[in-house]
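Participant: Pasting a structure here, questions to come.
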Amino acid sequence: MDPVSQLASAGTFRALKEPLAFLRALELLFAIFAFATCGGYSGGLRLSVDCVNKTESNLSIDIAFAYPFRLHQVTFEVPTCEGKERQKLALIGDSSSSAEFFVTVAVFAFLYSLAATVVYIFFQNKYRENNRGPLIDFIVTVVFSFLWLVGSSAWAKGLSDVKVATDPKEVLLLMSACKQPSNKCMAVHSPVMSSLNTSVVFGFLNFILWAGNIWFVFKETGWHSSGQRYLSDPMEKHSSSYNQGSYNQESYGSRGGYSQQANLGQSSDEFGQQPTGPTSFTNQI
């Protein structure tokens, strides 16, 4: 039997049924979708400029852009409708910082989720033998939750700027030929942003997953177990004091009964000794 079959038959992968490992596997999958939909994007738009002089027209002006969305470096040439002269333009804006930060967080989250899932499955005993592993896991989970929130929010704003900068209507306003009513400028093809919208959705879904996983990781730390011990100690003290009080009451009752019986016996003895006095006096007489 090969090693993989032995591990599967031994029930090693049962850890994936627990919330801790199951959420890590989902985080791994969602991180892949996040950086793939953003980092692998490439799109473009197509414009047309129809000049009064048809020989100067250009009905297919392609403008391509891609990750990391340094739009100010995307240049293109358009006709001026004033002879053969061409106007060189560039898109406006730079969303590379937010896009690269988002993809970086997604890549590192993927790597950590992969490593954590392997540890949960194959090294669960070593993970739980001391508090160091769960404590590091808890801190990293909190940090990545914060990074996902910041990165997703920043990329959502960056994507909004990309949509405005690549809007064909906004690009047409940059062309001098389109400012003349005699020339006809129009958008032939607009950029498709569906995958970028999906990346933002997966970003916030990753934040929800990581934030929700904080509780399950916290349960593995010593802080949670010490808190349970702190709550159980006063209850144990209260129950022990109650038992001790009932025991004292029972012992007090038994001692009281014993003392009463002793006193009663002593009084009966004394009462029984009283007739001996006159009897002995009579005998003496």
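The values are calculated or read from the model by the stated rules, or taken from the named source; none is laboratory data. Predicted, not measured: the structure shown is a model, and the values here were computed from it. We place every Cβ from the backbone using ideal geometry, glycine too, and count neighbours over all the protein chains shown. Quick note on the areas: whole protein, heavy atoms, side chains included, nothing else; ligands and nucleic acids left out. Shrake-Rupley method; radii C 1.70, N 1.55, O 1.52, S 1.80 Å.
Participant: Test each condition in (1) open to solvent by 50 Å² or more (accessible area, probe 1.4 Å); (2) assigned to a helix (DSSP H, G or I); (3) free of Cβ contacts under 8 Å to residues at least 40 places away in the same chain for Leu149 and report the one that comes out false.
Facilitator: Tallying (1) open to solvent by 50 Å² or more (accessible area, probe 1.4 Å); (2) assigned to a helix (DSSP H, G or I); (3) free of Cβ contacts under 8 Å to residues at least 40 places away in the same chain, Leu149 fails exactly one: (3).
Participant: Continuing with this model, one more query. Scanning for something small (Gly, Ala, Ser), surrounded by fewer than 18 Cβ atoms within 10 Å (Cβ to Cβ) and out of contact with any Cys (no Cβ under 7 Å at 6 or more places or on another chain), does segment 115-128 turn up at least one residue?
Facilitator: Quick first cut of segment 115-128, residues small (Gly, Ala, Ser) only: 115-116.
Okay, now just the ones that are also surrounded by fewer than 18 Cβ atoms within 10 Å (Cβ to Cβ), so 115.
Narrowing the set further to residues that are out of contact with any Cys (no Cβ under 7 Å at 6 or more places or on another chain) leaves 115.
Taking every residue of segment 115-128 in turn, at least one turns out to be small (Gly, Ala, Ser), surrounded by fewer than 18 Cβ atoms within 10 Å (Cβ to Cβ) and out of contact with any Cys (no Cβ under 7 Å at 6 or more places or on another chain).
Participant: Looking at Trp215, Trp210, which one is farther than 30 Å from Glu85 by Cα, open to solvent by 40 Å² or more (accessible area, probe 1.4 Å) and assigned to a helix (DSSP H, G or I)? Lay out the reasoning, then the answer.
Facilitator: On the way: Trp210 fails: open to solvent by 40 Å² or more (accessible area, probe 1.4 Å).
Going through Trp215, Trp210 in turn, just one is farther than 30 Å from Glu85 by Cα, open to solvent by 40 Å² or more (accessible area, probe 1.4 Å) and assigned to a helix (DSSP H, G or I): Trp215.
Participant: Among the residues of segment 171-207 satisfying the criterion of being free of Cβ contacts under 8 Å to residues at least 60 places away in the same chain and under 38 Å from the mean Cα position of the chain (by Cα), which is farthest from Thr80 (Cα to Cα)? Don't jump to the end; show me each part of the working.
Facilitator: Step one: list which residues in segment 171-207 are free of Cβ contacts under 8 Å to residues at least 60 places away in the same chain, which gives 173, 179, 181, 194, 197, 200-201, 204.
Narrowing the set further to residues that are under 38 Å from the mean Cα position of the chain (by Cα) leaves 194, 197, 200-201, 204.
Details: Ser194: 33, Asn197: 35, Val200: 38, Val201: 41, Phe204: 45 Å.
The residue in question is Phe204.
Participant: Here is a list of conditions, (1) in a helix (DSSP H, G or I); (2) free of Cβ contacts under 8 Å to residues at least 40 places away in the same chain, and Phe138 meets all of them except one; can you say which number that is?
Facilitator: Only one criterion in (1) in a helix (DSSP H, G or I); (2) free of Cβ contacts under 8 Å to residues at least 40 places away in the same chain is unmet by Phe138, namely (2).
Participant: Would you confirm, using the coordinates I've provided, whether Asn248 is modelled with pLDDT under 90, open to solvent by 50 Å² or more (accessible area, probe 1.4 Å) and either out of contact with any Cys (no Cβ under 8 Å at 6 or more places or on another chain) or outside any helix (DSSP H, G or I) (or both)? Lay out the reasoning, then the answer.
Facilitator: Values: modelled with pLDDT under 90: yes; open to solvent by 50 Å² or more (accessible area, probe 1.4 Å): yes; either out of contact with any Cys (no Cβ under 8 Å at 6 or more places or on another chain) or outside any helix (DSSP H, G or I) (or both): yes.
So Asn248 passes the test.
Participant: Answer yes if at least one residue in segment 177-195 is open to solvent by less than 70 Å² (accessible area, probe 1.4 Å), assigned to a helix (DSSP H, G or I) and either under 22 Å from Leu28 (Cβ atoms) or touching a His at 6+ places or on another chain (Cβ under 8 Å) (or both), and no otherwise.
Facilitator: Looking for residues that are open to solvent by less than 70 Å² (accessible area, probe 1.4 Å), assigned to a helix (DSSP H, G or I) and either under 22 Å from Leu28 (Cβ atoms) or touching a His at 6+ places or on another chain (Cβ under 8 Å) (or both), one finds at least one in segment 177-195, hence yes.
Participant: Counting just the residues of segment 88-102 that are open to solvent by less than 20 Å² (accessible area, probe 1.4 Å) and in a helix (DSSP H, G or I), which one comes out farthest from Ile214 (Cα to Cα)?
Facilitator: If we take residues in segment 88-102 being open to solvent by less than 20 Å² (accessible area, probe 1.4 Å) and in a helix (DSSP H, G or I), then Ser96 is farthest from Ile214 (Cα to Cα).
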